[in-house]
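I have placed the structure first, in the form of structure tokens, so that the comments after it can refer back to it.
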Amino acid sequence: MTDMRRTLLWVVFTMSLVLLWDGWNKHTGRPSMFGGASRPAAGASAPLSAPGAVPAATTIAAASVSAPIGAPPSGAASAPAAAQTVTVATDVVKATLDARGGDVVRVELLTQVDQNDRSKNVVLLDRSAARIYLAQTGLIGAAGLPTHLTPMLLQPGETTLAPGRDAISVVFESPEQGGVRLRKTLTFNRASYAVQVRHEVVNTSGASLSPQLYLQLVRDGNPPPGESSFYSTFTGPVIYTDASKFTKIEFKSIEKTAAEHDKSADNGWVAMVQHYFFSAWLHNDKAPREFYTRKVDNNLYAVGEIFALGEIAPGAAKVFDSQLFVGPQEEKRLEALSPGLELVKDYGWFTIIAKPLFWLLDQLHTLLGNWGWAIVALVVLLKAAFYGLNASAYRSMAKMKAINPKVMALRERLKDKPQQMQQEMMRIYKEEKVNPLGGCLPILVQMPVFIALYWVLLSSVEMRNAPWVGWITDLSVKDPFYILPLVMTATSVFMTWLQPTPPDPMQARMMWMMPLVFGVMFFFFPAGLVMYWITNNLLQIAQQWWINRQMGVN
């Protein structure tokens, strides 16, 4: 039994050191030990020759999507010159649109402060020398059709949402090209991050046409600015269908081989996800669509979907409506936009537990009006729910601590007779009715709940810029004065003192070192997560101390 506990402690301690070292490697720009991409050096940028240029390779390579799709659009050999842009402002976004293709080339989120420069707002979509992240659309299926590279004419109209108005629309119209004229209307609504996008395809030729519409997101593979190296969140494309649900696709899997995901369905959506924010193309009507991912240039990747518009007779028109969402992962808003869209707030394996935990956290926030106190209240409720299990564990620990002097004396007396020592120790445990693992099993039962809460706090954009008390003005970033990590380390050390000291000196040293190792890691964690651990530690200390006192254990 002692050997098993020693082995378990060594595994935990060794893995802690490995993860700490791996985090430091990524933080300093070296490759991860687990094969992930290293953090780019400061100043790393997307491979552009000049601001505003769009690589020609971002043209949709339609022939590689699937067999029924036609050849790539003509004119893909070279990128055209920069076209006219227009800036649209609402109460929540400021978006820049390019008359070349009617692309959305920049989106600033007016309600989200940039945590690296608090004088600025978060910019999600962008086209600059430093970053590429675009939303593009166009037609394929025949030669010469309008694509995202086609210069379009911006129609006159308002570009700022005036007080009292609920929406504004910006319209682009292509010249007659490939036998069609494409009219693209983007409608921005008050208090909404979802842009209504209407494509109207008019057949100006003398023959029937069957064009296809593609909606795609193009992004560089760089991590979001300011991303921590000490905890990992997913950045990259996502495809959702009813059949396969939420499928994350690593940039490196697109780089090496054809990524594994659903290639077609009559439902679903595509997205680009990063910590707290995402963009997505949505079309909720049942309609056949094809999904694709591809590398379009060096450090540049695309995810998209293709819709067949059906046959359009000469002189007739076809209208296709979709939505482009660019904004924060606010779970309550997303559930109403499209089935499964709330899954972009990624809780990993613990989604089934994490979703009700977030619901409860949100209810507590509504009641208390402060996310910090809501976290404290939630941990208190969880500890109350698990009071019985914890009490069982702490009683077992108290019994172990009470008989510890007897076990230590036995080990000293029989240190040269290990087999007899093990037999005598098991006899003592049996006589004293102590289970050496009795303190571990109840805690293991609770682990999935507290890990799920960890992901709730790490993933919730609601924590951004949310104050608690005093110097904690943002629960999503580390404590600027490191007070909370120091308190967390101190409470962890005190918890170790309350627990029985392992009879093996090596195990004892490891037990005292582990709070210090984890304490160092928490210096780089968001304040909200550290608050959660402190609250958990304090409640655990109180319950352990009370049970020790009841049982007469010092």
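Structure notes:
- Index of the failed condition, Leu334 passing every other in (1) surrounded by 15 or more Cβ atoms within 10 Å (Cβ to Cβ); (2) in contact (Cβ under 8 Å) with a residue 40 or more places away in the chain; (3) of a type outside the set (Val, Ile, Thr); (4) not in a strand (DSSP E or B): (2)
- Residues satisfying the stated conditions in the stretch 513-551, i.e. open to solvent by 60 Å² or more (accessible area, probe 1.4 Å) and either of a type in the set (S, T, N, Q) or free of Cβ contacts under 8 Å to residues at least 40 places away in the same chain (or both): Leu516, Trp546, Arg549, Gln550
- Qualifying positions in the stretch 160-171 - surrounded by fewer than 15 Cβ atoms within 10 Å (Cβ to Cβ) and either in contact (Cβ under 8 Å) with a residue 40 or more places away in the chain or aliphatic (A, V, I, L, M) (or both): Thr160, Ala162, Ala167
- Test: Val326 is over 19 Å from Ser459 (Cβ atoms) and either part of a strand (DSSP E or B) or at pLDDT below 95 (or both): no
- Filtered residues of the stretch 319-351 (kept if among the charged types (D, E, K, R) and in contact with a strand residue (DSSP E or B) (Cβ under 8 Å, 6 or more places away or on another chain)): Asp321, Asp346
- Failed condition for Pro339, given (1) modelled with pLDDT of 95 or more; (2) open to solvent by 50 Å² or more (accessible area, probe 1.4 Å); (3) not charged (D, E, K, R): (1)
- Failed item, numbered, when Ser253 is tested on (1) among the polar types (S, T, N, Q); (2) part of a strand (DSSP E or B); (3) modelled with pLDDT under 95: (2)
- Criterion: farther than 30 Å from Ser210 by Cα and either of a type in the set (S, T, N, Q) or modelled with pLDDT of 95 or more (or both) - qualifying residue of Leu134, Leu124, Leu139: Leu124
- Leading residue by the ranking (modelled with the lowest pLDDT) among those in the stretch 345-396 that are more than 20 Å from Leu475 (Cα to Cα) and among the β-branched types (Val, Ile, Thr): Thr351
- Looking only at the stretch 363-380, and only at residues there that are over 13 Å from Leu453 (Cβ atoms) and in a helix (DSSP H, G or I), the one that is least open to solvent (accessible area, probe 1.4 Å): Gly372
- The stretch 237-261, subset farther than 22 Å from Val456 by Cβ and among the aliphatic types (A, V, I, L, M), residue surrounded by the most Cβ atoms within 10 Å (Cβ to Cβ): Ile239
- Annotation: Leu209 fulfils all but one of (1) crowded, with 20+ Cβ neighbours inside 10 Å; (2) touching a Ser or Thr at 6+ places or on another chain (Cβ under 8 Å); the unmet one is (2).
- In the stretch 172-187, the qualifying residues are those that are in contact with a Leu (Cβ under 8 Å, 6 or more places away or on another chain) and open to solvent by 40 Å² or more (accessible area, probe 1.4 Å), and the one that is farthest from Phe307 (Cα to Cα) is Pro175.
- Counting the residues of the stretch 226-265 that are of a type in the set (Lys, Arg) and either in contact with a helix residue (DSSP H, G or I) (Cβ under 9 Å, 6 or more places away or on another chain) or farther than 30 Å from Phe525 by Cα (or both) gives 3.
- Scanning the stretch 520-554 for residues that are polar (S, T, N, Q) and farther than 20 Å from Lys478 by Cα yields a count of 6.
The values are calculated or read from the model by the stated rules, or taken from the named source; none is laboratory data. Just so we're clear, the structure is a prediction, and the values are computed from it rather than from any experiment. Here Cβ is always computed from backbone atoms with ideal geometry, including for glycine, and neighbour counts include all displayed protein chains. Protein only, heavy atoms only, side chains kept; ligands, DNA and RNA dropped before computing areas. Shrake-Rupley method; radii C 1.70, N 1.55, O 1.52, S 1.80 Å.
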